[in-house]
Amino acid sequence: MKGLIATKVGMTQVFDENGNLTPVTVIRVDPNVVVARKTKEAAGYDAVVLGLGELKSKNVTKPYAGQFPEGITPKRHLKEFRDFDTEPAVGDEIGIELFEGTKYVDVTATSKGKGFQGVMKRWGFHGGRATHGSKFHREAGSTGMCTSPGRSFKNIKMPGHMGNERVTVQNLKVVKVDPELKVVMVRGSVPGNKDCTLIIKSAVKK
């Protein structure tokens, strides 16, 4: 599996040779530093721990800094990738060249938080009619029964907290990889706000 920690820049659009317009999300891939490697002998599985983003020494606790080998400054973001395609050494930097030749990727990020929302916005309920004296407009309606068991069952779609969840979008087509700008352009939208940190991996189902 190929994977790196990256940053969402935003959306734009590109044209192909035939003049067709494609909406793309621009993902900036700064070089990731190999912080540690885990082997089957020591941990029971093979994995690579990558880090991204510098931290000031005054903001780092001793327990957090203790996991970084000598010569590697503490990183803000850490991510473990199992069954990594290559076998880099601790201290190596892995950049955007990892995705050259990759056609599809999976992107994982935290979605935008929408706060507390009703059933129409959260679940797409149609609601009631808006005319002729109706008093049922945006409510959820009945959620249970008056007889036994006299309660609402679990997993009933109701108002509640919406968004701010870990979301993975699969099989995003890679439109362009620009090594000079250190960006990957994928077709379609990616969860999260602008400048959010995300995980970009080679597609599992492709």
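Numbers at a glance
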item	result
Fully extended contour minus Cα-Cα distance, from residue 145 to residue 117, at 0.36 nm per residue	7.7 nm
Share of carbon and sulfur in the accessible heavy-atom surface of region 29-154 [1.4 Å probe, %]	50 percent
Accessible surface, the chain, averaged per residue in Å² (probe 1.4 Å)	64 Å²
Cut-off under 5 Å, modelled amide H: who pairs with residue 55 long-range	76
Choice from 78, 172, 21 showing the highest fluctuation, given a GNM over the chain with Cα pairs closer than 10 Å	21
Spin-label pair residue 60/residue 180, simplified geometry with 7 Å Cα→Cβ offset, distance in nm	3.4 nm
Compactness index (Cα Rg / 2.2 N^0.38 Å), region 167-206	1.20
Gaussian network model of the chain, springs between alpha carbon atoms under 10 Å - residue of 175, 119, 34 with greatest fluctuation	119
Residue of 94, 72, 27 that the Gaussian network model of the chain assigns the largest fluctuation, springs spanning Cα pairs under 10 Å	72
Segment residue 168-residue 15, extension gain: residue separation times 0.36 nm, minus the distance between their alpha carbons	52.4 nm
Contour minus Cα-Cα distance for residue 195 and residue 134 (0.36 nm per residue)	17.5 nm
Point-to-point label distance, residue 97-residue 28, nm (Cα→Cβ direction, 7 Å offset)	2.2 nm
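The values are calculated or read from the model by the stated rules, or taken from the named source; none is laboratory data. Since this is a predicted model, take the numbers as computed values, not measurements. Neighbour counts are summed over all protein chains in view; Cβ atoms, including those assigned to glycine, are modelled from backbone coordinates with ideal geometry. When the accessible area is computed, the model is the full protein with side chains, heavy atoms only, and any ligands, DNA or RNA have been set aside. Shrake-Rupley method; radii C 1.70, N 1.55, O 1.52, S 1.80 Å.
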